[in-house]
1. Between a first residue in the range 377-391 that is part of a helix (DSSP H, G or I) and a second residue that is modelled with pLDDT of 90 or more and among the polar types (S, T, N, Q), which pairs have beta carbons less than 9 Å apart while being 6 or more apart in sequence or on different chains?
2. Restricting to the range 61-93, what's the tally of residues that are touching a Lys or Arg at 6+ places or on another chain (Cβ under 7 Å), part of a loop (DSSP other than H, G, I, E, B) and at pLDDT below 70?
3. Checking Leu275 against (1) in contact with a Ser or Thr (Cβ under 9 Å, 6 or more places away or on another chain); (2) assigned to a loop (DSSP other than H, G, I, E, B): exactly one of these is not met. Which one?
4. In this structure, does Glu258 turn out to be outside any loop (DSSP other than H, G, I, E, B), more than 24 Å from the chain's Cα centre (by Cα), assigned by TED's automatic domain parsing to the domain that holds His133 and in contact (Cβ under 8 Å) with a residue 12 or more places away in the chain?
5. Output the residue which, of all residues in the range 284-305 that are surrounded by fewer than 21 Cβ atoms within 10 Å (Cβ to Cβ) and in a helix (DSSP H, G or I), is modelled with the highest pLDDT.
6. Has the range 346-364 got any residue that is at pLDDT below 90 and in a strand (DSSP E or B)?
7. Here are some residues: Ala401, Ala408. Which one is assigned to a helix (DSSP H, G or I) and either in the same structural domain as Leu140 (by TED's automatic domain parsing) or at pLDDT below 90 (or both)?
8. Return yes when Arg250 is out of contact with any Ser or Thr (no Cβ under 7 Å at 6 or more places or on another chain) and within 16 Å of Ala300 (Cα to Cα) and no when it is not.
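The values are calculated or read from the model by the stated rules, or taken from the named source; none is laboratory data. Here the structure is a predicted model, which is why all the values come from computation and not from measurement. Here the Cβ positions follow ideal geometry from the backbone for every residue, glycine too, while neighbour counts run over all protein chains shown.
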Amino acid sequence: MKLVAITTKDLPPLDRALPFPLRDATGRLLVGAGIKVADERLRQELLQTPLFAEEHHCAEWQRRLNAAMDQRLREGAALKDVVAARPDTAPREVAARSLSTGDAWFELRSRLDAVLRDVGPGTDWLARLDDLHARGRALLQRRAEESLYHFVYESVHFSERYSAHHAWMTLALAEQTAALLGWPQPHIDSLGRAALTMNVAMARLQDHLAIARVPPTDEQHREIAGHAERGATLLAAAGLEDTVAVEAVRLHHDASAEGRPLQEQPPERQVARLLRRADIFGAKISRRGSRPAMSPLAAARGACLGPDGQPDEIGSALLRAVGLYPPGSFVELASGEVGIVVARGRRANLPLVAALVSASGSVYSEPVPRETLDRRYAVKTAVPPQRVKVRFQHDKVLALASGPIATASLSPFGGR
C-alpha cells in the first residue's frame, strides 16, 4: 500500500467517525474507519503520533473536502466557516471496503480497549462488549487460521495495547478449545465474556508492564495479585448479570481445582480452569519489554500439562486447538530450511509451513509451501523469532493456506 502523511487538522474532530483508517509509518492500523476516538488520553496519543493513510483514501477525502468547502462558498459563508467545512459522513467505498484479517483484529482491539475503559454503571459498555464478542467470533469462524497467525505473530513482535490484544487471543484459544470439549453454547458464551474482561481491573497496568524493561514494583505486584477479585466486583457492579462469567473472572488465577475431574465441577469452575490455561499459554508466547517471547512448544508445557506432568482433558483439547506449532510461529524443518507456520494440520505436530530460508541460509524470493507430513520436511524444532531476520509479505504466506498442497492437510477447524 502507498501511504501519505496526514495531520489531524485535515480530519473531522477525533470524537466523530473517522473517514478512513489511520496508520503509522509502517502501515500498521492505529484506528479503523468509522471509529470515534472518545477517550481523551488516546486522542492525545494520536495528536502526538505521525499519522499516515492510504493514498487513495486521502485523495477521495480531499475531493469530498473540497466539495464541502465549495458548497459553503456558494452559500455565502464567512471565510472561517469555509475553511472549517468538513464532509459529514465517510464515503461508502471506504466503509464497505473489506479489511484484511490483521486490520480487522486491530480494529476490534482498539474498540475493546475503549470498552474496557468505560466499564461502569450507567454506560453502554455491556451492549458494546456483546457486539464486539459477536463480531470477533464471526471473524474467527470465517478466518480461523489467519486469525491465529495474526495473534501469534503480533504477540511475538509487538506489545502495543497488550491487554486488549491478549484478551482477544485468549478468547480465540479458549472458545476453540471449548468447542472441542463439546461444551454447550451458554458456557462458551460465558467463557468469551470472561476472556474479554478478565483483566479489566489492571488493563492499563498490563499495557505498561508489557513494554516496561524493569520488573514490577511491590505496589504493582499487589495490584496484580488482587486484580481478579477487583475485576469480578467491578463487572458485577457495572451490570454484568452473567454470574458464570463474573465468577470465572474471579477464579481465573486459582489453581486449586486442577487435578479434579472437570465434569464434576460447576460451570464457573470449568470456565475458570479453561480460561486460566488459555491465559497462561497466550502470556508465555507474548513478548515483554523485559523478556523475549517463549516458544509455543515451551509454553505448551506450562499451559497444557496437568499436575502429573501429562496433558489432562483441557490440556489435550488446547493442544488440538492450537497445535504444537501454531500459525505465526517459526520452525526449522528436517530439510534444514527455516519457515513460518501458515496453518494447523490434522495433527498437532503436522502444520503447513511456508519455507523462507534455505538450508544454506539464502532467502527464498517467494515463500515455498512445505507439507510436514513428508519426512523430508518434518518439523525439527521451534525457532525463536529473534533468530529470523528476513522480511516477507504476510499476504503471500497466508495465500498458501488455500493452495493445492493445503487441501488435504489443514485442521478440521477450516477458516479459509
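1. Between residues of the range 377-391 that are part of a helix (DSSP H, G or I) and residues that are modelled with pLDDT of 90 or more and among the polar types (S, T, N, Q), the close pairs are Tyr377/Ser335; Pro385/Ser329.
2. Qualifying residue count for the region: 1.
3. (2)
4. No; evaluated as a whole, the condition is false for this residue.
5. Filtering first and then ranking leaves Lys284.
6. Looking through the range 346-364, none of the residues is at pLDDT below 90 and in a strand (DSSP E or B).
7. On the way: Ala408 fails: assigned to a helix (DSSP H, G or I).
Within the list Ala401, Ala408, the selection yields Ala401.
8. On the way: out of contact with any Ser or Thr (no Cβ under 7 Å at 6 or more places or on another chain): yes; within 16 Å of Ala300 (Cα to Cα): no.
Here the answer is no, as Arg250 does not meet what is asked.
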